[in-house]
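Have a look at the structure below, then the notes.
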Amino acid sequence: MASQEGTVICPGSYDPVTNGHIDIVTRSSAIFERVVVAVVNNPVRKDKTLFTAEERREFIEGATAGLENVEVRTFSNLLVQFAREIDAGAIVKGLRAISDFEYEFEMAQLNRKLDPGIESIYMIASPQYSFLSSTGVKEMATFGGDVSDLVPGPVAAAMASRLGER
Ligand code: PNS
């Protein structure tokens, strides 16, 4: 049962969402009153995304349909600006390994510089997901690997057909 009042934001590219992301969102929803999963609309990196922002949003919506206090939105502005728009007091992200730390440290400091009023909270990944990444899953699916245990069912199916088109 959620015990902390207010809204938190779980941002990311989610290209595509993995069971590791869903684990972080589910755990957040058990702690916080309202969780907004925020899908980056503009590509953060140079690479084109495999799925459109709307497709990525729909996958997460399907996978979190049972969580009443979770909503999924896309955003195209600065993360801290969007967090303000939806009245979120904190950013919640997962941390898998030391290798994540450097990037996340930079993002947390950047976001704090932009808006010191929004806290960054990191949740340690569950061990069964500590190796899991969207990039890894895409690579596995590209070469025909079985990703059905790693991503929600509709994502696995969509990846197979999207990557098959290439
Ligand atoms: O883990 P991701 O997918 O790389 O995270 C994306 C995001 C938006 C959480 C991260 O890039 C971030 O914290 N960026 C802060 C700077 C910002 O607001 N950029 C504009 C949106 S990309």
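The values are calculated or read from the model by the stated rules, or taken from the named source; none is laboratory data. None of these values were measured; they are calculated from a predicted model. Positions of Cβ are backbone-derived with ideal geometry, glycine not excepted, and every protein chain shown enters the neighbour counts. These area figures cover heavy atoms from the full protein model, side chains too; ligands, DNA and RNA do not enter into them. Shrake-Rupley method; radii C 1.70, N 1.55, O 1.52, S 1.80 Å.
Before moving on, here are some points about what is shown:
- Student exercise, the chain dipole from Lys, Arg, Asp, Glu Cβ charges, in Debye to nearest 20: 360
- Summary of the geometry: segment 86-136 and segment 1-35, compared by the centres of their Cα atoms, lie 12 Å apart.
- Solvent-accessible surface of the chain, taken per residue with a 1.4 Å probe and all protein chains present: 56 Å².
- Taking only protein heavy atoms and a 1.4 Å probe, the accessible area of segment 1-85 is 48% carbon and sulfur.
- Label point at A157 placed 7 Å out along Cα→Cβ; residues across segment 3-28 whose backbone nitrogen lies under 18 Å: 16-19
- Neighbour cut-off at most 16 other Cβ (10 Å), DSSP loop, trypsin sites (Lys or Arg not before Pro), segment 21-123: R45, K46, K48
- The mean sequence separation of alpha-carbon pairs under 8 Å and at least six residues apart, normalised by the residue count of the chain, gives a relative contact order of 27 percent.
- Where Cα atoms sit under 21 Å apart: lysine pairs in the chain separated by 8 or more or lying on different chains: 4
- Shape call, segment 1-150: gyration tensor on alpha carbons, a/c limit 1.5: rounded
- Gyration tensor (alpha-carbon) shape descriptor, segment 67-109, a/c threshold 1.5: oblate
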